[in-house]
Amino acid sequence: MLQSTVALILLSLFLGCAAWLLFVWAVRRGQFDDPEGPKYRMLEDDDLPRTPKPPEDSA
Amino acid sequence: MNESSLCIHCTLPIPRGMNISHRDGDAELRFCCQGCLGAYLIIRGAGLEAFYARRQWVEAGVAPGSFEARFSDDALEECVSLQQEHSRMNLLLEGIRCASCVWLIEKIIGALEGIDSIRVNYATHRVQILFDRSHATPASIVESIARLGYLPRPWSARNHHLQAERERRTLLIRFSAAAFLSMQLMGYSAALYAGYFQGIAPQSRQLLQILSAVVAAPVIFYCGAPFLQGALRALRLGTPNMDMLISIGVLCAYGYSLYALAVGGEVYFDSASMIVTLVLLGRIFESMARGKASCAVDRLLSLSPQRAKVLEETAGAQPAIRDTPSHQVEAGALIRVYPGEAFPLDALLLRGSTEVDAAVVTGESRPVVKSAGDEILAGAINLGPAVDLQVLRRAEHSYLSRMAALVEDAQSRRAPIQRQADRISAIFVPLVLLLALATGLYWALVQGDTTSAWLCAISVLVVACPCALGLATPTAILVATGAASRRGILFRGGDIVEACSQIKTLAFDKTGTLTEGRPRILAIEAVGIDEIELLRLGGVLESGSSHPLGRAICEEVQRRGLQAPPPAGHLAIAGMGVEIDFEGHPLRGGSRRFLEDSGIVVQNLCGAEQTEVLFASGDRYLGRMLFEDSPRPEASSSLALLRRMGLHCMLLTGDRKDVGERVAQELGIEEVACELSPGEKAKRIQKRQLTGELMMIGDGINDAPALAEARVGCAMAGGTDIALESSDLVFTRPDLMRLPLAIALSRRTLSIIRQNLFWAFSYNLIAMPLAATGQLAPIYSALAMVSSSVLVLGNSLRLNRFKEPL
């Protein structure tokens, strides 16, 4: 009983940490710098496959 | 003005005599200039015509002719930096009006050779381009952007921008870590609470407690580092502040829990980390508001062009023209400004006369005639012919720069709520510490019981932990701002809600605030001909005009469904009027002086104080049209409601005395001050501020210093970006009825906050003595804390059901 509790708690911590690291990565890449644009960006249908990549760091 | 007289690309009216067209199958597309045709062909060539269908323009565009400027690689060098094998360039783009502009720029520029990546930030209008030096030069990229119809300006990242951005990112990371770990802790605490009431195996209990201690540690020492450092600084300086109270509360809760873990008591790791999380959330909101404000100052400075055309005297008859960065131009230099360009510096007009549109700078909605010897401010747009001017001041002393400095200054001076909170904590923190110390000493020395001494002292600190006290204000503010934004009212921060509730006086700007900011035809007085016929002739005369009065006439013509064919041969005289050849006679329309100068006898009509346009065909006087900038329909009912709420209203306007007084009388405003410059407005507000809190309501950049100077600055929607962002209270709808609503809501919020504070204080007053005397077991004090917080929250939520005052 106790062992399974420990295992589950550690698993949840591990999963949470992974999600958090993903978030940190996104913040570092500047994904949260422009809160206005993306909501319009999604409405644009991409018929041309040459959308440029966003810069690595937009500081 | 019909569809065919508008340019396909930019939708600006096509000037007389221009005949630039492009055949596309059967359709003939007409353009206003070669630039627009070029831009159209680029867009079409890239297969992106969808742009024309998807664009929705709400903001005014870039003035025609703004693209005359040439870009050289040297001038752009300052905004290019190296990043690994790429070069990076930052630009500020003018003319971005909607998201499809962003789409277009990214598609077209991104497809150019040598461009590695491009990203346009829609919120800040900044674009970042990574490119390869060997395939593209900065100037070629910038010119490609300019060819699309956007005005790029070099933007060199100043240090404080980068720092602010870095801070915002670390704050976001800290908060996310705190939020995630606190949620984990909540899970463990739920198990522990359940165990307390229903029984739990001591082994499991200890395991959960140890886990809580481990998980809470990073929240407090990593996420809470900003205020732990702040507390340390405060300690060194000897000035207790809110940071210190939070740090002591958090550290005590954590320290006591560690102690309890060792001796087998109840732990409070979850409340310690929850406090950290909530405080961090507040900081994120604050930094977001600040980032927006500094953005406004940047944009204000970018209004004036950064390059000037300097005239240099040469031996020959023609002076040479040299393109120079405007910050290098000394006072006294001669510059030339072409039609449609913005004036780069404050300057004196040397020869001739021209008409300037200073709407963005002074808020004056009508173009102003300037003749030799007049001063023209940087940022105004030249509507007339090319003119030569003498520079009066260096760029950093220009009117716009001083305005930006004023706004920045006023923004940095503002943190009254923070000071108040610090003042309270300056008393509260030492008091609590003293009480805890006294409790500990009493139990240790008088009772001789060391364990109880520790327990009671920490109990006092935990009970005093300003949970309900800390929640009292922010929750009420949060709910109030949410409820307000659903009704089209944006409060920029909690201190603004507080300030709004204390407002005694309202100062209104006239144009665009109390009135619609757009002239409309009030009356047509035709002499000898039909009223409709006069209107039609007016429409013919003004069909190519970009003058606000001309546009008002065209609107009226269109509204009545009249046909006004565009004439041939169109002669506009700056500030005076328009003359065309129509059916064999010269048809003239313009000011009284214009007609009298042309030798036409104008019959004297009464009521000359209104804005008017007179018409004549040949020598025959045809009549006149009267214009008025009419008050908003809801203005008088809104002002009546505000007066019922006990507020004093005043009108501050830069307009003429008779106009200002007429509007004031119509709306029942007691106090009027006319013919004020922006500086005088700000000064007057400063003076009035001494006798009571004041709110300024306005729009336009000329109001920006006054908006910033007033205790609360309020901007109506439809105003300029700068005014919107330098103000504290923004209405998303141009509706004056929002104003009484905002004030009533802020008053209600403050009364809720007072109730919350009263409850939180009385909770502390009752609980602290109990804790000090050892009557309150930690688990019951925790329960008391939670229930008091819930009570405070519930009270704040009542603001959601706020009724509009009517």
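Annotations for the structure displayed:
- When each of the peptides B:668-681, B:588-601, B:107-120 is scored by how many other beta carbons lie within 10 Å of its residues on average, the order from highest to lowest is B:107-120, B:588-601, B:668-681.
- Note on A:16-25: average number of Cβ atoms from other chains within 10 Å of each residue's Cβ is 3.
Quick note: the coordinates plus some simple rules give every number you see, no bench work behind them. This is a predicted model, so every value here is computed, not measured. Methodologically, a virtual Cβ is constructed for each residue, glycine included, from the backbone with ideal geometry; neighbour enumeration extends over all protein chains shown.
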